[in-house]
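A.B. asks: Here's a structure for you.
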Amino acid sequence: MSATEATGAGVALPPPLTAEDAARSHDRSRVHHARAHSRRWRLLWLLVGPGILAMLGENDGPSMIAYASDGAQYGLGLFVPLIPILFGMAFVCQEMCMRVGAVTHRGYGELVLQRYGRVWGWFGAGDLTLTNLVTLVAEFVAIRVGLAYFHLGSGVAVALGLALVLFTLSGGRYWRWERIVLGLALFNGLFLVAAILVKPDIGTIASAFDFTPFPGGSFNTLLLLLASTIGATVTPWMIFFQQSASADKGMTPVDIRHGRYDTATGAVLASIFGLGALIAGAALLTRGGSAIQGFDGAGFPQALKQVAGGAAGTAFALGLVEAGAVAILTISASTAYAAGECVGVSHSFNSSPRNAAVFYVANIGSALVAAAVILIPGAPLLSIALNANVLATVLLPVSLIFMVMLANDKRLMGPWVNGRSTNTLGIAVIAFVGICGAAYGIDSFLQSVGLIGS
Amino acid sequence: MSARSRSTETTGRVPAIAERDVQRQERFEDELIMHLERDQFVEETSRPVARAELGIAVTSALWALRIFVVLVSLMVIYTFFHQLH
C-alpha cells in the first residue's frame with residue numbers, strides 16, 4: 001500500500017520524509033513511471049542490480065583462481081557440471097534473500113537480531129566479519145596477482161582497491177553506487193574472453209557434462225575442492241548483501257518477479273564466466289598446470305601468456321583485477337550493512353556520511369584493514385587466500401538456516417512465504433553445504449593431529 | 001496535508017512569491033511520498049519487528065548447530081596454522 005492511501009476512517013498521514021526516503025522515492029518514481037507506461041525493458045533495467053552484483057561479486061579473485069586451478073590440475077570433468085549446479089543452489093538461497101528484503105524492507109542482520117534475539121544476530125555478524133576480512137585480504141591478493149602481470153606491485157593493488165571504495169561511496173546515493181559496481185562487474189566476462197582465446201575443444205567441454213567421476217587424488221583433496229568450490233558460489237556475505245541491497249534499492253513485493261530475473265541472470269552470467277576461468281585453466285592441464293601457484297607472482301596470467309599468447313594472459317590478468325575490485329566493493333558493503341543493522345543506526349547508501357557514520361566507517365574500515373594485512377611483510381597471504389572460501393563454507397549453514405526461517409515467517413512475509421518446493425531445495429542446499437564443509441574441516445584436522453593418514 | 005505543512009508552523013503574513021515556493025516544495029514532497037510504501041519510510045523501518053517465540057526444540061537445535069559450526073571452524077583455523085609450520 002502506498003504511503004498516502006486511506007486507512008480506516010480517515011486519511012493516514014505519511015511519516016516525515018528524510019533525505020534517505022527522498023532519494024529512494026526518486027528511484028521508485030522512475031520504476032512507477034516505467035510500470036505505468038508498460039516499458040518492460042526500462043523496468044527491468046531499473047530493477048536489476050542486487051542479484052547480479054551478489055552473483056558476480058562472488059565470482060571474485062579467489063574463486064576465479066580456484067576454478068582455474070581446478071581446470072589446470074584435474075581438467076574439465078566433474079567441474080563443468082558442478083559449477084552450474086552450485087550456482088543453481090546459490091539462486092535458491094539468493095532468491096529468498098531478495099524476497100525477504102523486498103517484502104520486509106529490512107536487512108538480514110537486523111531481522112535476525114530483532115526476530116530471534118541479539119545473541120543470534122551478533123553471532124551472524126561475527127561470522128560475517130571474520131569471513132569478510134579473510135576474503136577481503138584474498139581479494140587484494142588476487143588484484144596483486146593480476147597487476148603483477150603488468151609488473152605492478154602490492155602498493156598499486158591497495159591504492160586501486162581503496163580508491164574504488166572511496167569513489168563509489170562519494171555520491172551518497174544507492175543508485176549511483178549500484179550502477180558503477182554493475183558496470184565494473186560486467187568485465188567479469190573477461191574470463192570468457194580468456195577461455196575463447198585458449199581455443200578450447202568444444203567436444204571436450206560438451207563431453208564433460210556426462211558427470212565424469214573425480215579425476216584423481218585423495219579423499220581430502222576431493223573434500224577441499226568441493227568445500228572451496230561451494231565457498232566460491234554461496235557465502236554468508238551474499239546473504240547479508242542481497243537482502244540489504246534489495247531493501248536499500250526500495251524493492252517491494254510487486255518487484256519480486258523482476259528480482260528473480262535479476263538473480264537468475266546473475267547466476268547464469270556467474271556460471272558462464274566461472275566456466276570461462278575453468279576452461280582457461282584447463283588449457284594448462286598438460287603443460288605443468290598443477291605446479292602453478294595461483295596466488296603467487298603473476299600465477300595463471302603468466303602461464304596462459306606462454307601457452308595461449310599475450311591476449312589470453314592479459315584478459316585473465318585484467319579479469320582478476322576486476323574480480324577482486326568488484327568483490328572488495330560488494331563485500332565491504334555487506335560488512336557496512338551488517339554493522340549498521342546490528343548497531344541499530346542508519347545503514348544506507350542513500351544516507352550521508354554524517355547520518356550513517358557507522359555504515360561508512362565499517363565500509364571503508366573493513367577495506368582498510370584488509371589492505372593493511374597484504375602490506376605486512378611475510379604475512380601468510382597464500383594460506384589466507386586458499387582458506388578463505390573453505391571458512392565461508394563451514395560458517396554458511398547457520399546463516400542459511402536463519403534465512404529459511406525468515407522466508408517461512410508468515411508474520412513477516414504474509415503471502416510471500418516459501419513454498420514447499422523452495423523449502424525442500426533450501427534444506428537440501430543447507431545439508432549439502434554443511435556436510436561438505438564439516439567433512440573437510442574434520443578430515444583436515446584429524447590429518448593435522450596425525451590421527452589419520454593423508 | 002503534506003509532510004512539510006505538518007511540521008512547519010506558519011506565522012504572520014508570507015510574501016506571495018515565498019508562498020508559491022512553499023507550495024511548490026509541498027507538492028514536490030507529496031509526490032515523493034506517493035512513490036514509497038508506508039513501511040518503506042525510515043521512521044517505519046527503524047521500529048523493531050516483534051520477537052518470535054522459538055520452541056525449546058528449535059532453540060536446542062540452533063545451539064547444537066552453532067556449537068558444531070564453531071568447533072569445525074576452530075578445526076579449520078587449527079589446520080591453517082598447522083600448515084603454516
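A.B. asks: If a residue has to be in contact with a Ser or Thr (Cβ under 6 Å, 6 or more places away or on another chain) and surrounded by fewer than 22 Cβ atoms within 10 Å (Cβ to Cβ) to count, how many in the range A:106-142 make the cut?
C.D. replies: Going through the range A:106-142 one residue at a time, the tally reaches 0.
A.B. asks: Output the residues belonging to the range A:183-228 that are modelled with pLDDT of 75 or more and either assigned to a loop (DSSP other than H, G, I, E, B) or of a type in the set (Val, Ile, Thr) (or both).
C.D. replies: Within the range A:183-228, A:Val193, A:Ile196, A:Val198, A:Lys199, A:Pro200, A:Asp201, A:Ile202, A:Thr204, A:Ile205 meet the criteria.
A.B. asks: Hey, among the residues in the range B:36-57 that are surrounded by 14 or more Cβ atoms within 10 Å (Cβ to Cβ) and farther than 30 Å from A:His26 by Cβ, which one's farthest from the other protein chains (Cβ to nearest Cβ)?
C.D. replies: Here the answer is B:Leu54.
A.B. asks: If you don't mind, there's one more thing I want to ask. Mind listing just one residue for me: the one in the range A:111-121 that is at the interface with chain B (Cβ under 8 Å from one of its Cβ atoms), part of a helix (DSSP H, G or I) and not basic (Lys, Arg) and, of those, farthest from A:Asp255 (Cα to Cα)?
C.D. replies: As a first pass, look at the range A:111-121 and keep what is at the interface with chain B (Cβ under 8 Å from one of its Cβ atoms): A:111, A:114-117, A:120.
From the residues that got through so far, the ones that are part of a helix (DSSP H, G or I) too are A:111, A:114-116, A:120.
Checking which are not basic (Lys, Arg) leaves us with A:111, A:114, A:116, A:120.
Values: A:Leu111: 20, A:Gln114: 25, A:Tyr116: 27, A:Trp120: 29 Å.
Filtering first and then ranking leaves A:Trp120.
A.B. asks: While we're on this one: Applying the selection to the range A:233-281, what residues are free of Cβ contacts under 8 Å to residues at least 24 places away in the same chain and either under 22 Å from A:Leu396 (Cβ atoms) or crowded, with 24+ Cβ neighbours inside 10 Å (or both)?
C.D. replies: none
A.B. asks: Which residues, counting only those in the range A:402-424, are within 14 Å of another protein chain (Cβ to nearest Cβ), free of Cβ contacts under 8 Å to residues at least 60 places away in the same chain and within 25 Å of the chain's Cα centre (by Cα)? Before you say what the answer is, go through the steps one by one.
C.D. replies: As a first pass, look at the range A:402-424 and keep what is within 14 Å of another protein chain (Cβ to nearest Cβ): A:402-414, A:416-417.
Then drop every residue that is not free of Cβ contacts under 8 Å to residues at least 60 places away in the same chain, which leaves A:408, A:410-411, A:417.
Across the range A:402-424, the qualifying residues are A:Asn408, A:Val417.
A.B. asks: Sticking with this one: Would you kindly identify the helices (runs of 4 or more DSSP H) lying entirely within the range A:377-453 that contain at least 2 residues that are at pLDDT 85 or above and among the β-branched types (Val, Ile, Thr)?
C.D. replies: Working: elements: A:381-407, A:410-413, A:420-448.
The helices (runs of 4 or more DSSP H) meeting that bar are A:381-407, A:420-448.
A.B. asks: Would you be able to tell me the number of residues in the range A:425-454 that are within 14 Å of chain B (Cβ to nearest Cβ), within 19 Å of A:Phe402 (Cα to Cα) and surrounded by fewer than 17 Cβ atoms within 10 Å (Cβ to Cβ)?
C.D. replies: Residues meeting the conditions: 3.
A.B. asks: What number goes with the only condition from (1) surrounded by 24 or more Cβ atoms within 10 Å (Cβ to Cβ); (2) within 30 Å of A:Asp296 (Cβ to Cβ); (3) more than 14 Å from chain B (Cβ to nearest Cβ) that A:Ala336 does not pass?
C.D. replies: Unmet condition: (2).
A.B. asks: Related question: May I ask you to list the residues in the range A:18-52 that are more than 8 Å from chain B (Cβ to nearest Cβ) and more than 23 Å from A:Val100 (Cα to Cα)?
C.D. replies: Listed by number, the residues that qualify are A:Ala19, A:His33, A:Ala34, A:Ala36, A:His37, A:Ser38, A:Arg39, A:Arg40, A:Trp41, A:Arg42.
A.B. asks: Tell me which residues, restricted to the range B:32-61, are of a type outside the set (Asp, Glu), under 30 Å from A:Lys249 (Cβ atoms) and assigned to a helix (DSSP H, G or I).
C.D. replies: We begin by selecting, within the range B:32-61, every residue of a type outside the set (Asp, Glu); these are B:32-36, B:38, B:40-42, B:45-52, B:54-61.
If we keep only those that are under 30 Å from A:Lys249 (Cβ atoms) as well, we get B:32-36, B:38, B:40-42, B:45-52.
Correct list: B:Leu32, B:Ile33, B:Met34, B:Arg38, B:Gln40, B:Val42, B:Thr45.
A.B. asks: Now for a separate question. Within the range A:146-158, take every residue that is at pLDDT 90 or above and in a helix (DSSP H, G or I) and give me the one that is farthest from the other protein chains (Cβ to nearest Cβ). Please lay out each step first, then the result.
C.D. replies: Of all residues in the range A:146-158, those at pLDDT 90 or above come to A:146-152, A:155-158.
If we keep only those that are in a helix (DSSP H, G or I) as well, we get A:146-148, A:155-158.
Numbers: A:Gly146: 24, A:Leu147: 25, A:Ala148: 22, A:Gly155: 25, A:Val156: 27, A:Ala157: 22, A:Val158: 23 Å.
Looking at residues that are at pLDDT 90 or above and in a helix (DSSP H, G or I), I get A:Val156.
A.B. asks: For the condition in a helix (DSSP H, G or I), at pLDDT below 90 and not aliphatic (A, V, I, L, M), what is the one hit in A:Ser332, A:Ser290, A:Ser271? Full working, then the answer.
C.D. replies: Working: A:Ser332 fails: at pLDDT below 90; A:Ser271 fails: at pLDDT below 90.
Sole residue among the options that is in a helix (DSSP H, G or I), at pLDDT below 90 and not aliphatic (A, V, I, L, M): A:Ser290.
A.B. asks: Which of the following residues is farther than 21 Å from B:Arg47 by Cα and under 19 Å from the mean Cα position of the chain (by Cα): A:Val137, A:Val145, A:Val80?
C.D. replies: That would be A:Val137, the only listed residue that is farther than 21 Å from B:Arg47 by Cα and under 19 Å from the mean Cα position of the chain (by Cα).
A.B. asks: Restricting to helices (runs of 4 or more DSSP H) lying wholly in the range A:26-86: which have 3 or more residues that are farther than 30 Å from A:Val429 by Cβ? Talk me through it step by step, then tell me what you get.
C.D. replies: Values: elements: A:40-47, A:50-58, A:61-74.
Because the criterion is at least 3 residues that are farther than 30 Å from A:Val429 by Cβ, the helices (runs of 4 or more DSSP H) in the range A:26-86 that meet it are A:40-47.
The values are calculated or read from the model by the stated rules, or taken from the named source; none is laboratory data. If you're wondering where the values come from, they're calculated on a predicted model, not measured in any experiment. For neighbour counting, all protein chains shown are included, and Cβ atoms are generated from backbone atoms with ideal geometry for every residue, glycine included.
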